[in-house]
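Asker: First the structure, then my questions, so here it is.
The values are calculated or read from the model by the stated rules, or taken from the named source; none is laboratory data. All values reported here derive from a predicted model rather than from experimental measurement. Every residue, glycine among them, receives a Cβ derived from its backbone with ideal geometry; neighbour counts consider all protein chains shown. Each accessible area value is taken on the protein alone, full model and side chains, heavy atoms only, with ligands, DNA and RNA left out. Shrake-Rupley method; radii C 1.70, N 1.55, O 1.52, S 1.80 Å.
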Amino acid sequence: MEQTAPSDRKGSDDKLAKVDGDKRLLGEVTKSCRDKHGRWSNPWPTWTRPCWLADLFLLFSNIGTFLNNNVPTSEEVLDAELPVMVPYFVQRPSSVLNSSEYTAPGLQVTWLGHACVLVELDGLNILTDPMFSQRASPLQFLGPKRYRRPPCTVQQLPRIDAVLISHSHYDHLDAGSVASLNSRFGGEMRWFVPLGLKDWLVKAGCENVVELDWWEENCVPGHVDVTFVCTPAQHWSQRTALDSNNSLWGSWSVLGPVHRFFFAGDTGYCSSFLEIGRHFGPFNLAAIPIGAYLPRDLLRAQHVDPEEAVQIHEDVQAEHSVAIHWGTFILSNEYYLDPPVHLREALEKKNLPPDRFFTLNHGETRLLSSSQARPFHW
Ligand code: ZN
Ligand code: ZN
């Protein structure tokens with residue numbers, strides 16, 4: 001299997017940031033690789049290429065609702081089952097909005113629907129896979145439509161220092177959300193993306209973009225004590241008929257002076273989560289997908305089920321995990337309320353308390369640690 005050559009990309013232009021492509025001294029790790037056509041591929045035996053049947057299934061699941069997920073059409077029922085809460089920063093905007101002095105608590109997470117969480121870690125506000133649009137699609141009249149509204153707008157967010165993008169699929173890289181975030185925060189906010197996505201963001205007008213290969217790291221200017229490492233995930237990428245696997249996918253490990261956060265992105269189960277745990281664990285918090293897993297035969301390679309999500313929680317050595325990638329878009333065949341039920345069952349099987357891997361309501365916040373960052377040197 002072809003291995004990628006070490007990155008020869010030059011250092012970033014800000015003096016405070018670590019050199020782009022900086023690598024920690026790591027032991028044996030799985031490197032990213034490309035196939036003979038130059039497209040990124042997955043290096044694990046757990047990966048199987050999505051077959052035409054999966055493509056057909058995804059196409060139909062995107063177009064229609066022939067699936068068995070039974071998402072109710074009644075807003076009243078949905079409000080009872082999956083309430084959308086008003087986030088604390090919308091309720092008390094004066095304390096956080098437009099305030100450059102606002103310092104996040106030690107570690108706090110807010111679920112904003114699907115794979116989007118706001119993580120406040122050691123003074124930095126970090127957003128994952130921002131998704132504030134109605135549809136995960138290039139078209140706003142066709143494609144997977146959200147059945148739970150976003151709990152806030154981009155305008156209502158507190159200051160965002162960094163955005164982590166896991167891959168190019170429409171439910172994770174949303175053009176409308178990128179445009180809104182860019183127009184509000186501009187170059188003050190850093191975008192972290194896997195290899196091959198920088199051009200897309202630059203074309204979208206973003207200036208402060210860092211693209212990394214697996215195991216490469218960088219940081220936010222002025223915050224050299226928090227390291228962002230692009231780490232592996234088992235998935236794929238595509239936005240158009242011709243660009244499948246032209247850009248890399250990944251997870252992200254955020255290593256602060258006091259707290260550590262792991263964002264799994266969108267992934268099937270693979271052995272690299274053990275490597276991530278060995279090198280960067282334990283994590284105080286991980287955001288791990290639990291939804292979009294049925295039919296299993298078609299989706300196993302690219303989406304974990306709740307049981308495998310708990311395995312990732314253990315592999316990366318997470319103290320706590322928050323469930324993502326469920327309860328927002330119709331993408332698969334499982335009953336729409338099943339992911340948290342099966343998550344609880346999987347935790348019980350392993351004698352893990354339910355608060356170790358929790359779900360949040362849309363817009364809900366959980367404070368995990370209020371301890372403030374102390375000076376720390378690697
Ligand atoms: Zn995906
Ligand atoms: Zn996804």
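Asker: Only residues that are assigned to a helix (DSSP H, G or I) and either within 16 Å of ligand 1 (Cβ to nearest atom) or in contact with a Phe, Trp or Tyr (Cβ under 9 Å, 6 or more places away or on another chain) (or both): list them for the stretch 276-292, please.
Answerer: 276, 277, 279, 280
Asker: Can you tell me which of (1) at pLDDT below 95; (2) within 16 Å of ligand 2 (Cβ to nearest atom) is the one residue 98 doesn't meet?
Answerer: Evaluating residue 98 over (1) at pLDDT below 95; (2) within 16 Å of ligand 2 (Cβ to nearest atom) leaves (2) as the failure.
Asker: Moving to a separate point now. Is it the case, given these coordinates, that residue 217 is part of a loop (DSSP other than H, G, I, E, B), more than 16 Å from ligand 2 (Cβ to nearest atom) and at negative phi?
Answerer: no
Asker: Quick one: which residue in 243, 297 is assigned to a loop (DSSP other than H, G, I, E, B) and modelled with pLDDT under 95?
Answerer: 243
Asker: Of all residues in the stretch 243-282, count the ones that are closer than 19 Å to residue 26 by Cα, surrounded by fewer than 24 Cβ atoms within 10 Å (Cβ to Cβ) and under 16 Å from the mean Cα position of the chain (by Cα).
Answerer: 1
Asker: For residue 239, are the conditions met, namely being away from ligand 2 (no atom under 16 Å from the Cβ) and charged (D, E, K, R)?
Answerer: no
Asker: Looking at the structure I just gave you, is residue 224 in contact with a helix residue (DSSP H, G or I) (Cβ under 7 Å, 6 or more places away or on another chain) and of a type in the set (Val, Ile, Thr)?
Answerer: The answer is no for residue 224.
Asker: Within the stretch 308-326, take every residue that is in a strand (DSSP E or B) and not hydrophobic (A, V, I, L, M, F, W, C) and give me the one that is farthest from residue 145 (Cα to Cα).
Answerer: Step by step, filter the stretch 308-326, then rank; the result is 319.
Asker: Out of (1) over 22 Å from residue 303 (Cα atoms); (2) modelled with pLDDT under 95; (3) not small (Gly, Ala, Ser), what's the single condition that is false for residue 145?
Answerer: Unmet condition: (1).
Asker: Of everything in the stretch 309-319, what is within 15 Å of ligand 2 (Cβ to nearest atom) and open to solvent by 30 Å² or more (accessible area, probe 1.4 Å)? Give them in sequence order.
Answerer: Residues satisfying the conditions do not exist here.
Asker: Determine the pairs where a residue that is at negative phi and within 16 Å of ligand 1 (Cβ to nearest atom), located within the stretch 256-267, has a partner that is open to solvent by 10 Å² or more (accessible area, probe 1.4 Å) and in a loop (DSSP other than H, G, I, E, B) with Cβ atoms under 6 Å apart, the partner being 6 or more residues away or on another chain.
Answerer: Sorted first by the residue in the stretch 256-267, then by its partner, the list stays empty.
Asker: Step by step: first the residues of the stretch 140-180, then only those that are in a helix (DSSP H, G or I) and closer than 28 Å to residue 268 by Cβ, then the one that is most open to solvent (accessible area, probe 1.4 Å). Which residue is that?
Answerer: Restricting to residues being in a helix (DSSP H, G or I) and closer than 28 Å to residue 268 by Cβ, the top hit is 175.
Asker: For the stretch 167-192, which residues satisfy the criterion of being within 16 Å of ligand 2 (Cβ to nearest atom) and in contact with a strand residue (DSSP E or B) (Cβ under 7 Å, 6 or more places away or on another chain)?
Answerer: If the condition is that a residue be within 16 Å of ligand 2 (Cβ to nearest atom) and in contact with a strand residue (DSSP E or B) (Cβ under 7 Å, 6 or more places away or on another chain), then 167, 171 are the ones that fit.
Asker: What single numbered condition from (1) open to solvent by 20 Å² or more (accessible area, probe 1.4 Å); (2) more than 16 Å from ligand 1 (Cβ to nearest atom); (3) assigned to a loop (DSSP other than H, G, I, E, B) fails to hold for residue 185?
Answerer: So residue 185 meets the others, but not (3).
Asker: Under 7 Å between Cβ atoms, at least 6 apart or on separate chains: pull out the pairs that start in the stretch 284-296 with a residue that is under 24 Å from residue 255 (Cβ atoms) and end on any residue that is buried (at least 24 other Cβ atoms within 10 Å of the Cβ) and of a type in the set (Lys, Arg).
Answerer: Pairs found: 284/260.
Asker: Please go through (1) open to solvent by 40 Å² or more (accessible area, probe 1.4 Å); (2) under 19 Å from the mean Cα position of the chain (by Cα) for residue 349 and return the number of the only condition it doesn't satisfy.
Answerer: For residue 349, the exception is condition (2).
Asker: Which residues, taken from the stretch 106-142, are of a type in the set (S, T, N, Q) and without any contact (Cβ under 8 Å) to a residue 60 or more places away in the chain?
Answerer: If the condition is that a residue be of a type in the set (S, T, N, Q) and without any contact (Cβ under 8 Å) to a residue 60 or more places away in the chain, then 125, 133, 134, 140 are the ones that fit.
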